[in-house]
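Quick note: the coordinates plus some simple rules give every number you see, no bench work behind them. Everything numeric in this text was worked out from a predicted model, so none of it was measured. FYI the Cβ positions are ideal-geometry reconstructions off the backbone, even for glycines, and counts take in every protein chain you see.
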Amino acid sequence: MIFVGSLVLLLIGAYFINEEEIIITTPTTTTSTTLIERKPIKIFVSTNELPQGDTLVVIAENLKTGQKITGEFDHKSFDFLPTETEGKLIGIIGIDVRKTPGDYLLKVLIDGEEKLIRQLAEKITITKGDFYVTKFVLTPELEKQGYTQSNIVQNIQTNDGVLIYQVLDKYTPEPYFNKSFIYPLDSIIKVGDFGTTRKEGDITLRHLGVDLDAPVGTLIYAINDGVVKFTKDLITYGKTIIIDHGFGIYSLYLHLSEFKVVVGDKVSRGEVIGLSGSTGYSLGPHLHLSIKANGASVDPLRFIDAVNTAF
Ligand SMILES: [Zn+2]
């Protein structure tokens, strides 16, 4: 992976640890002497400024075995995900769609021998997201089924949302994935933006995922390795699957017509988990995809792009 353009190398000169250090080891199995070059640790952030609902990525390279790296954003700690590349770890920070715009502090801590050997701090600016308000639409069909704007919102607050957050509230400290994410459908055509507010009179509903075009019966893929934590037919969200990817990352797939997995299943990236549909409060067949990153509601397509850039 080449880091260009928007990726920022933090404090490049000051942050090289043991710069150009070369250690000499004497292998026990051979008689020759091996030279191992210790490359300096590099820390990158994906950007210093990003809007609400976006995802910030911190990349650490050339970490040595035994070195621990942790981070803190806005005084909340986050962990670094090991990747398939030795010594390379990734920190993923979801910026909630409702995060107050302003400057926040990002810290990276590297602990070599159970003591802090370096501390890095960086200012990250969160800007206001470009979200708009749409009409809170109901089709005659949905009205016939008894859906109203007020009972949709009420149902989310008292039933669907409660059931979902019982799952999302749990933090699985170990990651189930170590690779980039994929899209949940073969073809990605956006039919509903992330972050919009649907409004009818005083009643509002925030759209915390993205709607993707998908005729009924389209194959839906797990966006990464994980464990199925939830499969239920909900009143507003319809048939819903939640996959825990570990590390506080969850993906949610709504309005399905059919489940192909059950709770407890371990799924691999790209595995078919269900078929798309139009169940629950849905204006037509589509897939609603949501991603939660440590409790933050983030734009799923931006999340996938931002995280994949790091791999
Ligand atoms: Zn949606």
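Points to keep in mind about this one:
- Computed from the C-beta positions of ILE188 and THR139 and an R0 of 22 Å, the FRET efficiency is 0.35 to the nearest 0.05.
- Pairs beyond 22 Å (Cα-Cα), from LYS135/LYS190; LYS232/LYS292; LYS128/LYS292; LYS239/LYS260; LYS42/LYS128: LYS42/LYS128
- Phi angles across region 153-168 convert, under the Karplus curve 6.51 cos²θ - 1.76 cosθ + 1.60 with θ = phi - 60°, into 3J(HN,Hα) values of 5, 5, 4, 5, 5, 10, 10, 4, x, 5, 4, 5, 6, 5, 7, 5 Hz, Gly and Pro given as x.
- Here the gap between ARG269 and THR158, fully extended at 0.36 nm per residue and compared with their Cα-Cα distance, gives a gain of 36.7 nm.
- Spatially proximal lysines relative to LYS39 (Cα-Cα < 27 Å; intrachain offsets below 8 disregarded): LYS64, LYS68, LYS88, LYS107, LYS115, LYS123, LYS179
- Highest mean packing first, where packing is the average number of other Cβ atoms within 10 Å per residue, the peptides 293-302, 168-177 line up as 293-302, 168-177.
- FRET efficiency for the pair HIS75 and VAL262, taken as 1/(1 + (r/R0)^6) with r the Cβ-Cβ distance and R0 = 41 Å, rounds to 0.55.
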